[in-house]
Amino acid sequence: MYTQALNQRDAAPAATPEDAAALARFQARIDADERIEPNDWMPAAYRRTLVRQISQHAHSEIIGMQPEGNWITRAPSLRRKAALLAKVQDEGGHGLYLYAAAETLGVSREELSAQLLSGAAKYSSIFNYPTLSWADIGAIGWLVDGAAIMNQIPLCRCSYGPYARAMIRVCKEESFHQRQGYELMLALSRGTAEQKAMAQDALNRWWWPCLMMFGPPDSESQHSDQSMRWGIKRFSNDALRQKFVDATVPQGHFLGLSFPDPALRYDAEAGHWRFGAIDWAEFRRVLAGDGPCNRQRLETRRRAEAEGAWVREAALAHAAKRRARAATPPLAAE
Amino acid sequence: MTTITLAEPPRVLHALRLADTTLVLGHRLSEWTGQAPMLEEELALANMGLDLIGQARALYTHAAALDGQGRTEDDLAYFRDAPQYRNLLLAEQPNGDFAQTMLRQFLYAAFALPFWNAMAASADAVLAAIAAKAEKEMAYHQRHSAAWVVRLGDGTAESHARLRAALDALWPFTGEMFEVDEAERGLIAQGIAIDPAALRPAWEASIARVFAEATLPLPAAGRWMQSGGHHGRHGEHLGHLLAVMQSLPRAYPDARW
């Protein structure tokens, strides 16, 4: 999910002048739809953009474990409990996979993790909203993972090989999660009046933040052009957002739920669902740190990191002891 | 649906004991989500939790079939109170720190691996099939948790101290695994259950081997052991675990999820 990074300005200092011929060869490879691999030459800004995007994606997976993890111990059936635990485990796996893809660009997982913990790195704004009822688990699967898939399917053809290959696997799993989430919503919307109310409330709360997941409108997204030229981004924010709305609105109606948007209407001529104005002030505020759960999410991550320090130290100390013992055969063996 | 209390003829009771132990331990592991000391362990803890919850589902389904009242796995998991739970006390012990969780997993897995290995020959074909799958899973749990017991025991002074504290806390709950009561004696005679007391030498050998590598002293023999989980006499922790786990189905008893 979670390519909001593309909408941030590349803040690194101006790169040293690069060989114009090398740049031209690089662009020609991208234009020929070739994959760039870790040992290939690449412009410094391309590398930085990818590190930022892939690590933000990884951080989003890791932080995203929290809102869903919030309901694992309260899942209302054993089948749902196993499915949710497996899903959250998948998110952790995606994080691991994506950190590994970022490492091929010359940064370590520790550095990236430190950036997340210090607040320097961003993650998707969507995970700063709370999961308040069991229906939120369905809504996240259906809507958040649905939005993620819209963003990520094009990334399977991203110009950077390790990222593109990671996304193929990630997308398969996300697509499964999305269907699982929808099936959960279906069970609720076909259930008791209380369950249906739960489902409606979840849709009301998650709908607008999900539309924000695609990032600011094209008119304000200044960095898309370069990312498109580099084959990192394939479709504009607004195009993906519209695609998501078009796919999702009929699904919601099938559930018998309504969308919290009085302006939502079908434009038969264009074949699109038209939606109301997104509150971009909220988006910017949450991204800047003032969402319902921003502090809580980071605090939880920092605490887990701090409380696990002694475990990681012990593992390193033990490995060092083993190496030392292997290097020094016991006297009895001589 | 309100709170249920099952009639517990020996076969139902036996299946419930196994189901409750695996569910409660699996639930405990799932409580780690998002809190693990490293991402790899996040995945490993979830893996082990999923294995145990999977075992529990098959065992509850079997218990419900033996009970013959048309109940489901979820009825048994979500609508029995703590005094009706038949799990080992070891399983319900809180996660504590990573040392306590991994040691708890090791103490259980070192028992469960030979247990399911023997149960694969059960005269109850369903239990035998569950055992064949569980045995493979527990081999991984034992390997993984033993590796951590060794790392933590023979790691830093802090990790060693934490592991010793965990051992002190958990050891009194290990004796219960080998207890046999009248209900199970009959099943052992029929070849449906196995005699857990017979597994003690294998369990002690695993413990001795791993503790030696972990530079962890073996607790003195003959220490007083806690007991009662198999009969519904639990510690204070289980009630809280169930209060959380059962909250939704209890609040909306007519709902299907």
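Points worth noting:
- Boolean, A:Ala193 is in contact (Cβ under 8 Å) with a residue 40 or more places away in the chain and not basic (Lys, Arg): no
- Residue count, region A:76-100 (criterion: at the interface with chain B (Cβ under 8 Å from one of its Cβ atoms) and closer than 16 Å to A:His177 by Cα): 11
- Residues of region B:213-240 that are under 16 Å from the mean Cα position of the chain (by Cα) and either exposed (fewer than 13 other Cβ atoms within 10 Å of the Cβ) or not hydroxyl-bearing (Ser, Thr, Tyr) (or both): B:Gln226, B:Gly228, B:Gly229, B:His230, B:His231, B:Gly232, B:Arg233, B:His234, B:Gly235, B:His237, B:Leu238.
- Number of the exception - A:Arg274 against (1) among the charged types (D, E, K, R); (2) closer than 29 Å to A:His57 by Cβ; (3) touching an Asp or Glu at 6+ places or on another chain (Cβ under 7 Å); (4) modelled with pLDDT of 95 or more: (2)
- Given (1) closer than 27 Å to B:Leu16 by Cα; (2) modelled with pLDDT under 95, number of the condition B:Trp171 does not satisfy: (2)
- For A:Ile137, the test of being in a helix (DSSP H, G or I), farther than 22 Å from A:Ile54 by Cβ, aliphatic (A, V, I, L, M) and modelled with pLDDT of 95 or more is passed.
- Inside region B:234-257, residues that are free of Cβ contacts under 8 Å to residues at least 60 places away in the same chain and either more than 9 Å from chain A (Cβ to nearest Cβ) or of a type in the set (Gly, Ala, Ser) (or both) make up a count of 6.
- Among residues of region A:281-334, those that are more than 30 Å from B:Ala157 (Cβ to Cβ), among the small types (Gly, Ala, Ser) and loosely packed, with under 12 Cβ neighbours inside 10 Å, counted: 2
- Boolean, A:Ser125 is out of contact with any Lys or Arg (no Cβ under 7 Å at 6 or more places or on another chain), more than 13 Å from every other protein chain (Cβ to nearest Cβ) and surrounded by fewer than 18 Cβ atoms within 10 Å (Cβ to Cβ): no
- Within region A:128-163, being within 14 Å of chain B (Cβ to nearest Cβ) and among the acidic types (Asp, Glu) holds for one residue alone: A:Asp136.
- Failed item, numbered, when B:Thr156 is tested on (1) surrounded by 15 or more Cβ atoms within 10 Å (Cβ to Cβ); (2) under 22 Å from B:Gly96 (Cα atoms); (3) more than 14 Å from chain A (Cβ to nearest Cβ): (3)
- A single entry from A:Leu316, A:Leu298, A:Leu257 fulfils the requirement of being closer than 30 Å to B:Thr33 by Cβ and either in a loop (DSSP other than H, G, I, E, B) or of a type in the set (Ser, Thr, Tyr) (or both): A:Leu257.
- Flag if A:Met212 is surrounded by 14 or more Cβ atoms within 10 Å (Cβ to Cβ) and touching a Phe, Trp or Tyr at 6+ places or on another chain (Cβ under 8 Å): yes
- Residue check for A:Ala304: within 26 Å of B:Met38 (Cβ to Cβ), small (Gly, Ala, Ser) and within 22 Å of the chain's Cα centre (by Cα): yes
- Top-ranked residue in region A:225-244 [being of a type in the set (D, E, K, R) and over 30 Å from A:Ala197 (Cβ atoms); ranked as modelled with the lowest pLDDT]: A:Asp225
- Each residue in region B:1-36 was checked for being more than 16 Å from B:Glu73 (Cα to Cα) and crowded, with 23+ Cβ neighbours inside 10 Å, and 6 of them qualify.
- With respect to the conditions (1) in contact (Cβ under 8 Å) with a residue 40 or more places away in the chain; (2) buried (at least 19 other Cβ atoms within 10 Å of the Cβ); (3) of a type outside the set (Lys, Arg), A:Phe235 falls short on a single one, namely (2).
- Take the conditions (1) crowded, with 19+ Cβ neighbours inside 10 Å; (2) touching a helix residue (DSSP H, G or I) at 6+ places or on another chain (Cβ under 7 Å); A:Ile153 misses just one of them, which is (1).
- Residues in region B:159-193 that are surrounded by fewer than 16 Cβ atoms within 10 Å (Cβ to Cβ), in contact (Cβ under 8 Å) with a residue 60 or more places away in the chain and within 14 Å of another protein chain (Cβ to nearest Cβ): B:Ala165 alone.
- Exactly one residue out of A:Ala263, A:Ala247, A:Ala202 is at pLDDT 95 or above and surrounded by 16 or more Cβ atoms within 10 Å (Cβ to Cβ): that is A:Ala202.
Quick grid of which residues meet (1) in contact with a His (Cβ under 7 Å, 6 or more places away or on another chain); (2) more than 24 Å from A:Tyr163 (Cα to Cα); (3) part of a helix (DSSP H, G or I); (4) within 14 Å of chain B (Cβ to nearest Cβ):
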| site | (1), (2), (3), (4) |
| --- | --- |
| A:Asp40 | no, no, no, no |
| A:Ala45 | no, no, yes, no |
| A:Val51 | no, no, yes, no |
| A:Ile54 | no, no, yes, no |
| A:Met65 | no, no, yes, yes |
| A:Glu68 | no, yes, yes, yes |
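The values are calculated or read from the model by the stated rules, or taken from the named source; none is laboratory data. Fair warning: this is a prediction, and the values are worked out from it, not measured in the lab. When we count neighbours, we look across all protein chains shown, and the Cβ atoms used for this are built from the backbone with ideal geometry, even at glycine.
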